[in-house]
Amino acid sequence: MSAWLPTAPCTPGDCVTVAGPRAGVAHRVLRLAGCLTVLVAGVLVAPLVRALAWLPAERLVRWWSRLLLASLGVRVRPIAAPGRQAGGSLLVSNHVSWLDVLLVAAVRPGRMLAKTEVGRWPVLGPLTSWGGTIFIDRDRLRALPGTVEEIAAALRRGERVVVFPEGSTWCGRGGGRFRPALFEAAVRADVPVQPLTLRYRTADGRPSTAPAFVGEDGLLASMWRVVSVRGLTAEVEFLPQLPPALFPGRRQLAAAAQRVVDRRRLPDGAPSDAPGCAACAHPVERPVRGPGASGPDPAGAGTVGTGTVGTGVAAGAGAGVAGAGVAGAAAGVAAEAGR
């Protein structure tokens, strides 16, 4: 792993708490079985959906993602979601959990950004490549400009691309700096940046850290924690778009997006279900650049950094939408098992 890949101070012991009503063991097992069924069905159906261009692919991606979240006991609550919009856009969000991929896809699908290793995996590798995934080599700084240009080209074609520019998952009480390199794609394509804030709440409305996937947490342990919660709600709030023309460059654009997202992490001031995690509330977190690093800020490539799910879930325009969404989401979740 490269030294410049960002990390968060969050750990399962300090940050993650399961509060509120609990599901019984049998209920948890049924939820996991339902999740597996929906996941396999989606991967099997994706090639058919892609082949039949007349099917409402984007709607199917949203429906499948919501169904998968529902099988895990997670209710989706969009806030201020705009209507259908023409043209490309770069969706940027805070990053809390492997659930984030599905949550964004359930409301506003977009093309996935994943580490190159995913493309070499059996079964999932070909699916993600076929589905339109954009791959990033996290260990080669020289590859970053090419990835940025590939994203810019997708945006020029009117596609949506979803990234998590913190580069690492945080527990939700705090967050990391938005890496600016991938914002360069929006600048080059002259498309708006759409900030999103993702939040998870308990049945009584308190911010929940149960879905957080941080530190040395394992995917199976995290999934078991999620299915053990009753009444878990996932919120995705759409914030005002940021046109690149209003900012001098990518760094200022990234900073503006971070400010609006940060203001909405805990908008009602409600206490979190995790009493610890002081480091997250006031983080001092910086990437370490290797000697001689040059070109776009390498920390901007942290959209697939330590602890991330991949960055976004797929579906641009046309027949490839559903294939990218279903296969991309599957790869995003599976990527966490092998991180």
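Among the residues of the range 36-44, is there at least one that is touching a residue at least 24 places away in the same chain (Cβ under 8 Å) and not in a helix (DSSP H, G or I)?
no
Out of the residues in the range 12-35 that are assigned to a helix (DSSP H, G or I) and modelled with pLDDT under 85, state the one that is surrounded by the fewest Cβ atoms within 10 Å (Cβ to Cβ).
GLY13
Looking only at the range 262-277, which residues are touching a strand residue (DSSP E or B) at 6+ places or on another chain (Cβ under 9 Å) and either at pLDDT 95 or above or outside any helix (DSSP H, G or I) (or both)?
ARG264, ARG265, LEU266, PRO267, ASP268, ALA270, PRO271, SER272, ASP273, ALA274
One line per residue, one yes/no per condition, for (1) surrounded by fewer than 22 Cβ atoms within 10 Å (Cβ to Cβ); (2) farther than 22 Å from LEU30 by Cα; (3) touching a residue at least 12 places away in the same chain (Cβ under 8 Å); (4) touching an Asp or Glu at 6+ places or on another chain (Cβ under 8 Å):
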{"residue": "ALA189", "(1), (2), (3), (4)": "no, yes, yes, no"}
{"residue": "PRO192", "(1), (2), (3), (4)": "yes, yes, yes, no"}
{"residue": "LEU196", "(1), (2), (3), (4)": "no, yes, yes, yes"}
{"residue": "ASP204", "(1), (2), (3), (4)": "yes, yes, yes, no"}
{"residue": "GLU216", "(1), (2), (3), (4)": "yes, yes, yes, no"}
{"residue": "ALA234", "(1), (2), (3), (4)": "no, no, yes, no"}
{"residue": "PHE238", "(1), (2), (3), (4)": "yes, yes, yes, no"}
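Between a residue in the range 74-103 that is over 16 Å from GLU58 (Cβ atoms) and in contact (Cβ under 8 Å) with a residue 12 or more places away in the chain and any residue that is assigned to a helix (DSSP H, G or I) and among the aromatic types (Phe, Trp, Tyr), which pairs come within a Cβ distance under 8 Å, given they are 6 or more apart or on different chains?
Final answer for the pair search is LEU90/PHE183; VAL92/PHE183.
Counting only residues that are of a type outside the set (A, V, I, L, M) and in contact with a Gly (Cβ under 9 Å, 6 or more places away or on another chain), how many does the range 69-91 have?
Final tally of qualifying residues: 6.
Only one residue in ALA143, ALA181 is touching an Asp or Glu at 6+ places or on another chain (Cβ under 8 Å), surrounded by fewer than 22 Cβ atoms within 10 Å (Cβ to Cβ) and not charged (D, E, K, R), so which one is that?
Just one listed residue meets the conditions, ALA143.
Among the numbered criteria (1) over 18 Å from the mean Cα position of the chain (by Cα); (2) closer than 18 Å to LEU113 by Cα, which single criterion is violated by PRO243?
(2)
Looking for something at pLDDT 55 or above, closer than 16 Å to GLY176 by Cβ and in a loop (DSSP other than H, G, I, E, B) - is there at least one such residue anywhere in the range 278-292?
no
Filter the range 174-188 down to the residues that are aliphatic (A, V, I, L, M) and at pLDDT below 95 and list them by number. Break it down stepwise before answering.
Here is the first cut: in the range 174-188, the ones aliphatic (A, V, I, L, M) are 181-182, 185-187.
Residues satisfying the conditions are ALA181, LEU182.
Go through (1) surrounded by fewer than 13 Cβ atoms within 10 Å (Cβ to Cβ); (2) modelled with pLDDT of 80 or more; (3) not hydroxyl-bearing (Ser, Thr, Tyr) and name the single condition LEU48 misses.
Condition not satisfied by LEU48: (2).
The values are calculated or read from the model by the stated rules, or taken from the named source; none is laboratory data. Since this is a predicted model, take the numbers as computed values, not measurements. Positions of Cβ are generated from backbone atoms using ideal geometry, with glycine treated the same way; all protein chains shown enter the neighbour counts.
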